[in-house]
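Asker: There's a structure below that I have some questions on.
The values are calculated or read from the model by the stated rules, or taken from the named source; none is laboratory data. It should be emphasised that the depicted structure is a prediction, and the values quoted were computed from it without experimental measurement. Because the Cβ atoms are built from the backbone with ideal geometry, glycine has one as well, and the counts that use them run over all protein chains shown.
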Amino acid sequence: MRITNIRRGRIFRICLCLLIILPVLYLLFTWSENQRNSLPEVRGKHAALKRQRTERPELIVGFGNFEPPNDDQREGPGEYGEAFHLPSEENFKGESSEMEYGMNVYASNKIAMDRAVKDTRLDECKHWNYPHDLPKTSVIIVFHNEGLSVLMRTVHSVINRSPKHVLQEVLLVDDFSEKEDLKEKLEEEVKSFNGLVRLVRNDERGGLIRTRSRGAQEARGEVIVFLDAHCEVNKNWLPPLLAPIYRDRTTMTVPIIDGIDHKTFEYRPVYSGGHHYRGIFEWGMLYKENEVPKRELKRREHNSEPYKSPTHAGGLFAMDRKYFLELGAYDSGLLVWGGENFELSFKIWQCGGSIEWVPCSRVGHVYRGFMPYNFGKLGEKKKGPLITINYKRVIETWFDEKYKEYFYTREPLARFLDMGDITGQLELKERLQCKSFQWYMDNVAYDVFDKFPQLPANLFWGELKSVATDTCLDAMGHAPPSIMGLQHCHGHGNNQLMRLNAAGQLGVGERCVEADKQGIKLAVCRLGTVDGPWHYDEKTKHLLHRANNKCMAQNPSTRQLSLAHCDVNDGYQQWEFKEIKPK
Ligand code: UD2
Ligand code: MN
């Protein structure tokens, strides 16, 4: 009896344990399954989807972990993205090709077209899986006078590192290149891809902006991806870019842009350690990158998930082709180069779409030493700097009045530039019922003001001329920190265009003029501030540095600038702001 009772007790306890353990095990199992299945999807507010998805995404083996061919045991110059140094006797040839292309194309010619690069993604990225029915994609590469081997390496990387069934085509659009090899040899190269690569050519120079719009017209894929002609895409770059578009066709996606050295072709991760940056701008419309605000990071579950960004650098992005065309492609009034990244970004956000940067998609880009091409006839036709004209079109279309003032404060000469007709753009904005710029600043670009606060108006601007010597304060084209100089007044603005704002900041371009014992200096403006130490007295013509209670002065013999005890009788302390007009 006793034994039986003990047994009964044991059986009861075992059953009780099982009753507790089994449901816990079940819950744990389903939770881990969910975790696994949640990784494949790129989630976001837009997951409610304009495009219906019926089944849950499958786990597709070999997709999240898509391994490009030829990536093992390769040997040769530049393999795995290592730096390649020419033997010293060939340096001269390398340098002269740098003069021609802004990058060492002679060195590039010695590196395999299909070289391997190092995988710069976050580890987490290797475990994502993506839907198998992603939209077919045209990769569009516009080019003008690029190095053939650099262009072809871009093409090879796309073909080798994109899943075959997703890649509709690589579309090359030649923007009226003059180089012989691009005219002749390129045709043969293209043929060797049996139709997967197509080449179309402009009859005249269109500039990169119009040429990209043309590419979008000609493309056959459902999604278009733009790349510059000197890129190398990294492992499994394409599916992560397509997934958010597949979920919501009004999303533009942007890969993280790694650097490729313009001399050695070394492939370098732009940043590592899981930190994320996104595109913003300062009020002169220079593109900047800023750490992603916590508010945006917190919205996501995984650090490798896409995050929203106010804008993008311009060159590399993916979009639903029809959506790009519905938005009017790029404003066709924009000329050659610059500002189109903002135009498209403001248009997308303000008219109901969104921009996401995708950490699991990495693409290398060669940042050139200098711009090797000129703007051709398109540049000559327009008076004034063409890029500022582009910015003016963009801000006049998309900014509210108050924000336009910030741009004109930072870029006073822009007021006088002829931006052409923007009625078509304003009509589009009306037709698509786009939101205000204030909405965009409040909801999307809310981190801009932290770095670039609203600009106080300029009290004085123009050339800052020494009364004694008739020379002008000049930033000398040096990078800050550097010494300000005095030069012959040329009337073109640029390095001589000084602005003194109502809060005492003396600025030139995006830089600030500061002073200490060593002299008058060009400095990086402190982020988040717009004030400064300067006060200009129109009567005495003194430029007073309030913190030191001294005046800007010129040394009569050395001509160097410094701070000196203010003296109303000293002509070398007298300055005049002289307004200028664009030439
Ligand atoms: C950046 C962008 C670039 C573009 C530009 C502003 C990145 C990595 N790059 O400058 O894509 O948005 O800002 O407009 O974000 N090209 C033509 N016709 C021309 C001039 C250039 O087809 O008249 C081609 C050129 O061969 C290249 C592409 O356009 O493939 C971009 O030009 P870039 O590389 O000189 O511009 P980049 O990278 O300095
Ligand atoms: Mn480029």
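Asker: Residues in segment 327-361 that are outside any loop (DSSP other than H, G, I, E, B) and more than 12 Å from S213 (Cα to Cα): how many? Lay out the reasoning, then the answer.
Answerer: Of all residues in segment 327-361, those outside any loop (DSSP other than H, G, I, E, B) come to 340-350, 354-361.
Imposing the further condition that a residue be more than 12 Å from S213 (Cα to Cα) reduces the set to 341-343, 345-350, 354-361.
Adding up the residues that qualify gives 17.
Asker: A further question follows. Does G420 qualify as being modelled with pLDDT of 95 or more and among the small types (G, A, S)? Give the steps one after another, and end with the answer.
Answerer: Working: modelled with pLDDT of 95 or more: yes; among the small types (G, A, S): yes.
Spelling it out, G420 is indeed modelled with pLDDT of 95 or more and among the small types (G, A, S).
Asker: Can you tell me which of (1) closer than 30 Å to Y106 by Cβ; (2) away from ligand 2 (no atom under 16 Å from the Cβ); (3) buried (at least 18 other Cβ atoms within 10 Å of the Cβ) is the one H230 doesn't meet?
Answerer: Answer for H230: the failing condition is (2).
Asker: Exactly one of these conditions fails for V394: (1) modelled with pLDDT of 95 or more; (2) away from ligand 1 (no atom under 16 Å from the Cβ); (3) surrounded by 14 or more Cβ atoms within 10 Å (Cβ to Cβ). Give me its number.
Answerer: Exception for V394: condition (2).
Asker: Restricting to segment 338-384, name every residue that is charged (D, E, K, R), closer than 27 Å to R121 by Cα and more than 13 Å from ligand 2 (Cβ to nearest atom).
Answerer: Scanning segment 338-384 gives E356, R362.
Asker: Right, next: Report, by residue number, each residue of segment 450-465 that is part of a loop (DSSP other than H, G, I, E, B) and surrounded by 19 or more Cβ atoms within 10 Å (Cβ to Cβ).
Answerer: Residues satisfying the conditions are F452, L455.
Asker: In addition: If D400 satisfies every condition in (1) surrounded by 18 or more Cβ atoms within 10 Å (Cβ to Cβ); (2) assigned by TED's automatic domain parsing to the domain that holds R415 but one, which is the exception?
Answerer: (1)
Asker: Same structure, new question: Report every pair of residues separated by at least 6 positions or lying on different chains whose Cβ atoms are under 6 Å apart, first residue within segment 156-182 and in contact (Cβ under 8 Å) with a residue 60 or more places away in the chain, second outside any loop (DSSP other than H, G, I, E, B) and within 16 Å of ligand 1 (Cβ to nearest atom).
Answerer: Qualifying pairs under 6 Å: S157/E232; S157/V233; V158/V139; V158/V170; V158/V233; R161/V233.
Asker: Those residues that are surrounded by fewer than 23 Cβ atoms within 10 Å (Cβ to Cβ) and within 16 Å of ligand 2 (Cβ to nearest atom), I need them from segment 323-337; list them, please.
Answerer: Matches in segment 323-337: W337 only.
Asker: Just name the residue that is surrounded by the fewest Cβ atoms within 10 Å (Cβ to Cβ) out of those in segment 271-283 that are in contact (Cβ under 8 Å) with a residue 40 or more places away in the chain, in contact with a strand residue (DSSP E or B) (Cβ under 9 Å, 6 or more places away or on another chain) and in a loop (DSSP other than H, G, I, E, B).
Answerer: Among residues in segment 271-283 that are in contact (Cβ under 8 Å) with a residue 40 or more places away in the chain, in contact with a strand residue (DSSP E or B) (Cβ under 9 Å, 6 or more places away or on another chain) and in a loop (DSSP other than H, G, I, E, B), the one surrounded by the fewest Cβ atoms within 10 Å (Cβ to Cβ) is G274.
Asker: Testing G384 on (1) away from ligand 1 (no atom under 14 Å from the Cβ); (2) buried (at least 24 other Cβ atoms within 10 Å of the Cβ); (3) modelled with pLDDT under 95, one condition comes back false. Which one is that?
Answerer: Failed condition: (2).
Asker: Something else now. Evaluate the following for E189: is it within 14 Å of ligand 1 (Cβ to nearest atom), surrounded by fewer than 24 Cβ atoms within 10 Å (Cβ to Cβ) and not small (G, A, S)?
Answerer: no
Asker: How many residues does segment 355-372 contain that are near ligand 1 (Cβ under 10 Å from one of its atoms) and touching a helix residue (DSSP H, G or I) at 6+ places or on another chain (Cβ under 6 Å)?
Answerer: Within segment 355-372, residues that are near ligand 1 (Cβ under 10 Å from one of its atoms) and touching a helix residue (DSSP H, G or I) at 6+ places or on another chain (Cβ under 6 Å) number 1.
Asker: For residues in segment 312-328 being more than 17 Å from R278 (Cα to Cα) and in contact with a Leu (Cβ under 9 Å, 6 or more places away or on another chain), which is farthest from ligand 1 (Cβ to nearest atom)?
Answerer: In this case the residue turns out to be E326.
Asker: What number goes with the only condition from (1) in contact with a helix residue (DSSP H, G or I) (Cβ under 8 Å, 6 or more places away or on another chain); (2) surrounded by fewer than 22 Cβ atoms within 10 Å (Cβ to Cβ) that E405 does not pass?
Answerer: (1)
Asker: So R121 clears everything in (1) at pLDDT 95 or above; (2) under 24 Å from the mean Cα position of the chain (by Cα); (3) within 19 Å of L238 (Cβ to Cβ) except one condition, right? Which one?
Answerer: (1)
Asker: Right, another one. Would you check if there is a residue in segment 276-292 being modelled with pLDDT under 95 and in contact with a Leu (Cβ under 7 Å, 6 or more places away or on another chain)?
Answerer: no
Asker: Quick one: E291 ticks every box in (1) within 15 Å of ligand 1 (Cβ to nearest atom); (2) surrounded by fewer than 17 Cβ atoms within 10 Å (Cβ to Cβ) except a single one, so which number is it?
Answerer: Result: E291 fails condition (1) only.
Asker: Next question, about the same structure. Quick check on my filter: what residues within segment 142-181 are near ligand 1 (Cβ under 10 Å from one of its atoms) and either at pLDDT below 95 or among the hydroxyl-bearing types (S, T, Y) (or both)?
Answerer: Answer for segment 142-181, where residues must be near ligand 1 (Cβ under 10 Å from one of its atoms) and either at pLDDT below 95 or among the hydroxyl-bearing types (S, T, Y) (or both): T154, S177.
Asker: Ok, one more. Can you name the condition, by its number, that C472 falls short on among (1) of a type outside the set (A, V, I, L, M); (2) over 30 Å from D418 (Cα atoms); (3) assigned to a strand (DSSP E or B)?
Answerer: (2)
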